[in-house]
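Single-structure report; data block below.
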Amino acid sequence: MTTPTVQANDKVHLIDHPLVQHKLTLMRRKDASTNTFRTLLNELSMLMAYEVTRDMPMQEIEIETPLEKTTSRMIDGKKLVFVSILRAGNGILEGMLSVVPGARVGHVGLYRDPKTLTAVEYYFKMPHDMQERDIVIVDPMLATGNSAIAAVERLKELNPKSIKFVCLLTCPEGIAALHNAHPDVPIYTAAIDRQLNEHGYILPGLGDAGDRIFGTK
Ligand code: URA
């Protein structure tokens, strides 16, 4: 079976900055240590935060410099929320928060029911006033899309202003699944890999992101 290639478009933002691509290549290598992997993920997350926040609303405010009064621009509205899909999503949080330190953080925990293969929620904790906030969901790998779809579905119940999805890697199958379920959610990714294998891993990928971040197996 051939897998369709997916081009970046207004719903799939491919972050192909040289620094992002360089760091991602180092992370993919199987001999990268846990420490190296985590450090690179942190650096990459900062660069991705920069892209995903590019269209944040701004307001003009009056300030006084040491020399005179002027107007200058600041980010407007309620604080952004980063929602981490446990556990690998937590690997992206630190980098994102170092660029947007005032952001709020939510967590969603989901596991795959071995019988039905559907995502079952075991944890959900969000900041208040979600209907006034923009949400950025973070998870390093958008593979089958099942967790992403379930997380978006659950978050939509809270009626937020907007939802974006950020991952390091995805594949045509993951993009198609998330977009079929939630066409209004843009995806930000550093790479669109070839395909998903029969175990739900992305090829060529980087392996199990959670294990590589936390040094587990
Ligand atoms: N989750 C991972 O950690 N890696 C994959 O390749 C797919 C899903």
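The values are calculated or read from the model by the stated rules, or taken from the named source; none is laboratory data. Treat the numbers as computed from the prediction; the structure is a model and nothing was measured. Using ideal geometry, Cβ is built from the backbone for each residue, glycine included, and neighbour counts are taken over all protein chains shown.
Cβ-Cβ distances below 6 Å connect the following pairs, each with a first residue in the stretch 190-206 that is closer than 20 Å to Leu47 by Cα, a second residue that is near the ligand (Cβ under 8 Å from one of its atoms), and a separation of six or more residues or different chains: Ala191/Leu169; Asp193/Leu169; Asp193/Ile202; Asp193/Gly205. Answer with yes or no whether Ala191 is over 21 Å from Thr25 (Cβ atoms) and of a type outside the set (Asp, Glu). In short, no. Can you tell me which residue is surrounded by the most Cβ atoms within 10 Å (Cβ to Cβ) among those in the stretch 121-137 that are without any contact (Cβ under 8 Å) to a residue 60 or more places away in the chain and β-branched (Val, Ile, Thr)? For the stretch 121-137, the residue satisfying everything is Ile137. Counting only residues that are among the charged types (D, E, K, R) and over 17 Å from the mean Cα position of the chain (by Cα), the stretch 174-211 holds 3 of them. Of the residues making up the stretch 17-71, those that are among the β-branched types (Val, Ile, Thr) and under 19 Å from the mean Cα position of the chain (by Cα) are Val20, Thr25, Thr39, Val52, Thr53.
Residues that are within 11 Å of the ligand (Cβ to nearest atom) and part of a strand (DSSP E or B) were ranked within the stretch 159-217; the one that is surrounded by the fewest Cβ atoms within 10 Å (Cβ to Cβ) is Leu203.
Within the stretch 50-91, being assigned to a strand (DSSP E or B), among the polar types (S, T, N, Q) and more than 16 Å from the ligand (Cβ to nearest atom) holds for Gln59, Thr70, Thr71, Ser72. The lone criterion from (1) touching a Leu at 6+ places or on another chain (Cβ under 7 Å); (2) without any contact (Cβ under 8 Å) to a residue 40 or more places away in the chain left unmet by Thr65 is number (1). Scanning the stretch 59-84 for residues that are aliphatic (A, V, I, L, M) and touching a strand residue (DSSP E or B) at 6+ places or on another chain (Cβ under 7 Å) yields Ile61, Ile63, Met74, Ile75, Leu80, Val81, Val83.
Cβ-Cβ distance below 6 Å, separation of 6 or more or different chains: which pairs start in the stretch 150-161 with a residue that is over 16 Å from Ile85 (Cβ atoms) and end on one that is loosely packed, with under 14 Cβ neighbours inside 10 Å? Going by the 6 Å Cβ cut-off, the qualifying pairs are Asn159/Gln131. From the list Val120, Val105, Val81, the one residue that fits, being among the hydrophobic types (A, V, I, L, M, F, W, C), modelled with pLDDT under 95 and over 22 Å from Arg28 (Cβ atoms), is Val120.
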